[in-house]
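Notes follow once the structure below has been shown.
Bear in mind that the values in this text are calculations on the coordinates, not laboratory data. Keep in mind the model is a prediction, meaning the values are calculated, not measured. Here the Cβ positions follow ideal geometry from the backbone for every residue, glycine too, while neighbour counts run over all protein chains shown.
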Amino acid sequence: MYIVFEGIDGAGKSTQIQLLKEWLEANGFKVETLVEPTDSEIGKLIRRILQRPDAKTDLVQKTLGLLFAADRMLIMDELNDESKVIISDRSFISSLAYQDNMEWIGELNRYAKKPDLLILLDLDVKKSVSRTSGEDTFENEEFLTGVRDNYLNLAKNYEHQIIDANNGINKVSSDIKKAVAPYLGLCPDCIL
Ligand code: TYD
């Protein structure tokens, strides 16, 4: 099963993925986690470009769209390992939400694997801005408001669960476990 976590910056994806991983392992599943952008050469280049003050301009966004798609292509094989639950921190759905040129970005990611389950961690934009360092050019209120709206529209295209990420870590974690449990034949009321 391929589970993708999405959400604006600061939504708590990495913390929640770790908690879900530990819970699934305690329930006997083999779990592998992935992060996009990856730590490949392309991923490193992406992280540098994200800090440029002009990262939101049309041409740099298009360049990022190309780089994210290439970075993602490098991990395609890993996503198809059916012996494990694969949990990914972001996916091509981030490109659709952040790079925003839906048709073209969709075409670039034509071969990207669709999630079996999308977990959208939905966070208030003001909270996002206060939780993040502000180092990346994307971490500002106006831009992230558009990204959040995109996510809420995009989620409808996939098997998805929207989780309120404004709550505390433990509440968010148990909401995620309850949402994931039925897909893996686990009992939603038996959350550890
Ligand atoms: P992020 O997961 O926030 O990494 P970090 O925790 O190191 O800041 O990802 C970095 C940024 O990249 C984030 O603002 C979202 C953006 N992004 C895109 O714009 N498009 C994409 O396709 C992906 C995967 C990420």
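Numerical summary
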read-out	value
Estimated FRET transfer efficiency (Arg47, Glu142; beta-carbon r; R0 22 Å; 0.05)	0.45
Estimated [θ] at 222 nm from DSSP helical runs (n ≥ 4, -39500 (n - 2.57)) normalised by residues in the chain, nearest 500	-13500 deg cm²/dmol
Positive-end residue of Val31, Ala97, Leu66, charge dipole of the range 2-183 with Cβ unit charges	Val31
Dipole moment magnitude, nearest 20 debye, the chain about Cα centre, only Lys, Arg, Asp, Glu C-beta charged	160 debye
Extension gain (nm, one decimal) between Glu32 and Thr57, 0.36 nm per residue minus Cα-Cα	5.5 nm
In range of the label at Asp39: residues from the range 75-112 whose backbone nitrogen is under 20 Å from the point 7 Å along Cα→Cβ	75-79, 86-91
Gain upon complete extension [Lys114, Asn101; 0.36 nm per residue less C-alpha separation]	2.8 nm
Rg to Rh, two decimals, where the chain supplies the alpha carbon set and Rh follows Kirkwood	0.95
Folded to 0 to 90 degrees: helix 13-26 orientation relative to the chain principal axis, Cα	30 degrees
Sites Thr15 and Leu66 - FRET efficiency at Förster radius 35 Å, r taken between beta-carbons, to 0.05	0.70
Dipole magnitude of the range 109-162 about its Cα centre (Cβ charges: Lys, Arg +1; Asp, Glu -1), debye to nearest 20	280 debye
Unsatisfied cross-links (Cα-Cα over 23 Å) in the set Lys56/Lys177; Lys114/Lys177; Lys84/Lys127; Lys126/Lys171; Lys44/Lys126	Lys56/Lys177; Lys84/Lys127; Lys44/Lys126
Helix 141-154 vs. the chain, principal-axis angle (Cα, 0 to 90°, nearest 10)	50 degrees
Sequence-separation-based contact order of the chain, relative, with Cα cut under 8 Å and 6+ spacing, percent	31 percent
